[in-house]
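As structure tokens, the structure follows; a few thoughts come after it.
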Amino acid sequence: MPKRQNPSDGRVDIVAFESIGRHRATTFTGLCGKHDRLIFEPIDKSPIDIRNGEHLFLVACRSVLRELHATLSGAIKLRIGFREKVKLGPTRADVPTQDGMTTLAHMVNAYESHLYKREYDLAHYGKNFSLLDHVSLFEPRRLPTVAVSSLCSLDDIVLGDDVARVSLNVFPTEDGIVILFSFLNRHARHLRPFLEPFQAASGDRRLQLVSARILNSCENFVLAPNFWNGLTTSRQKEMTDFYASSVLTNARDLDDQEFMLFSPENS
């Protein structure tokens with residue numbers, strides 16, 4: 001699992017992949033046990049059915065909740081750090097500074113994430129799962145080497161005062177891998193250019209595109225230890241460096257990347 005060390009000034013000093021236990025991998029702990037069970041029991045107690053609208057909604061909802069929790073936590077830490085700097089004297093609060101603008105940007109992003117999550121709340125309360133659209137891609141005969149539960153912000157697709165968001169989930173089934181993109185259906189037409197390359201490609205080329213997107217846009221993903229340890233040291237470094245380069249800015253050449261986070265087809 002990728003691990004980022006985020007200082008209070010917004011810089012990123014260290015990015016590395018670290019081992020994590022199976023029961024902690026991609027686990028979201030932002031809800032109490034009771035509410036987590038109440039909300040996600042349909043997909044926790046039985047296999048995910050990609051033909052079931054409620055199942056697909058809950059898979060996406062977990063990604064949205066996790067991202068909101070992470071965004072709020074990050075904004076609070078930056079705010080606390082900023083206030084401490086003001087208190088100690090290096091930073092002023094009465095004039096624009098880089099520290100202050102960084103803190104404000106994270107607070108705005110947290111608020112926008114909250115507004116996005118509210119739309120999921122309304123859909124869940126009203127059992128109106130059709131408020132979401134999904135693009136589900138199935139790759140048969142692939143071993144589960146990567147799992148993803150993440151909400152991606154697409155900074156180059158501006159929608160009013162916010163940007164487009166799409167959840168990306170990758171999970172195994174009995175006979176292959178499901179790659180699931182989920183988004184508000186009122187944003188569907190804006191997301192077509194983003195989704196078309198994944199739908200048009202197939203086989204290893206599709207999985208390379210998905211792999212590049214995961215490394216560029218997702219934080220909450222895990223790789224099978226046997227897969228990661230089977231890569232050469234230089235390939236591990238290339239993936240880590242690419243992931244680190246995307247922390248503060250999105251890469252512009254995703255289509256040219258040839259990273260592969262998926263196993264070869266199992267004959």
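The values are calculated or read from the model by the stated rules, or taken from the named source; none is laboratory data. Please read all numbers here as calculations on a predicted model, not as lab measurements. Cβ: placed from backbone, ideal geometry, glycine included. Neighbour counts: every protein chain shown.
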### Message
Let me confirm something: among Leu195, Leu261, Leu168, which residue is assigned to a loop (DSSP other than H, G, I, E, B) and among the hydrophobic types (A, V, I, L, M, F, W, C)?
### Response
Leu261
### Query
Looking at this structure, is Leu168 of a type outside the set (Asp, Glu), within 29 Å of Arg118 (Cα to Cα), at pLDDT 90 or above and in contact with an Asp or Glu (Cβ under 7 Å, 6 or more places away or on another chain)?
no
### Task
State whether the residues of the stretch 215-224 include one that is more than 19 Å from the chain's Cα centre (by Cα), of a type in the set (Gly, Ala, Ser) and surrounded by fewer than 18 Cβ atoms within 10 Å (Cβ to Cβ).
no
### Query
In the stretch 123-148, which residues are part of a helix (DSSP H, G or I) and either touching a residue at least 40 places away in the same chain (Cβ under 8 Å) or crowded, with 18+ Cβ neighbours inside 10 Å (or both)?
Ala123, His124, Phe129, Ser130, Leu131
### Task
Would you be able to say whether some residue in the stretch 175-182 is over 26 Å from Lys117 (Cα atoms) and modelled with pLDDT under 90?
yes
### Selection from the stretch 17-65 of residues that are among the hydrophobic types (A, V, I, L, M, F, W, C), at pLDDT below 90 and part of a loop (DSSP other than H, G, I, E, B)
Ile20, Ala25, Phe28, Leu31, Cys32
### Query
Looking at Ser150, is it within 17 Å of Phe171 (Cα to Cα), out of contact with any Lys or Arg (no Cβ under 7 Å at 6 or more places or on another chain) and among the polar types (S, T, N, Q)?
yes
### Task
Just name the residue that is nearest to Arg79 (Cα to Cα) out of those in the stretch 109-132 that are of a type in the set (Ser, Thr, Tyr) and over 21 Å from the mean Cα position of the chain (by Cα).
Tyr125
### Query
Only one of these conditions is not met by Ser211: (1) more than 23 Å from Asn169 (Cβ to Cβ); (2) hydroxyl-bearing (Ser, Thr, Tyr); (3) modelled with pLDDT of 90 or more; (4) under 19 Å from the mean Cα position of the chain (by Cα). Which number is it?
(1)
## Note on the structure
Residue hits (the stretch 107-124; closer than 15 Å to Phe183 by Cα and not hydroxyl-bearing (Ser, Thr, Tyr)) are Leu115, Lys117, Arg118, Glu119, Asp121, Leu122, Ala123, His124
### Query
Would you pick out the residues in the stretch 88-119 that are crowded, with 16+ Cβ neighbours inside 10 Å and of a type in the set (Lys, Arg)?
Lys117
### Query
Being crowded, with 16+ Cβ neighbours inside 10 Å, touching a Pro at 6+ places or on another chain (Cβ under 8 Å) and modelled with pLDDT of 90 or more, is that true of even one residue in the stretch 66-75?
no
### Message
Given the criterion over 17 Å from Leu56 (Cα atoms), in a strand (DSSP E or B), in contact with a Phe, Trp or Tyr (Cβ under 8 Å, 6 or more places away or on another chain) and of a type in the set (A, V, I, L, M), identify the matching residue among Leu154, Leu207.
### Response
Leu154
### Task
Can you tell me which residue within the stretch 244-258, out of those that are farther than 11 Å from Ser211 by Cα and modelled with pLDDT of 80 or more, is surrounded by the fewest Cβ atoms within 10 Å (Cβ to Cβ)?
Ser245
### Task
Quickly run through the stretch 149-161 and pick out the residues that are touching a residue at least 12 places away in the same chain (Cβ under 8 Å) and either surrounded by 20 or more Cβ atoms within 10 Å (Cβ to Cβ) or more than 17 Å from the chain's Cα centre (by Cα) (or both).
Ser149, Ser150, Leu151, Cys152, Leu159, Asp161
### Message
It is to be established whether one or more residues within the stretch 85-103 are in contact (Cβ under 8 Å) with a residue 12 or more places away in the chain and within 30 Å of Ile48 (Cα to Cα).
### Response
no
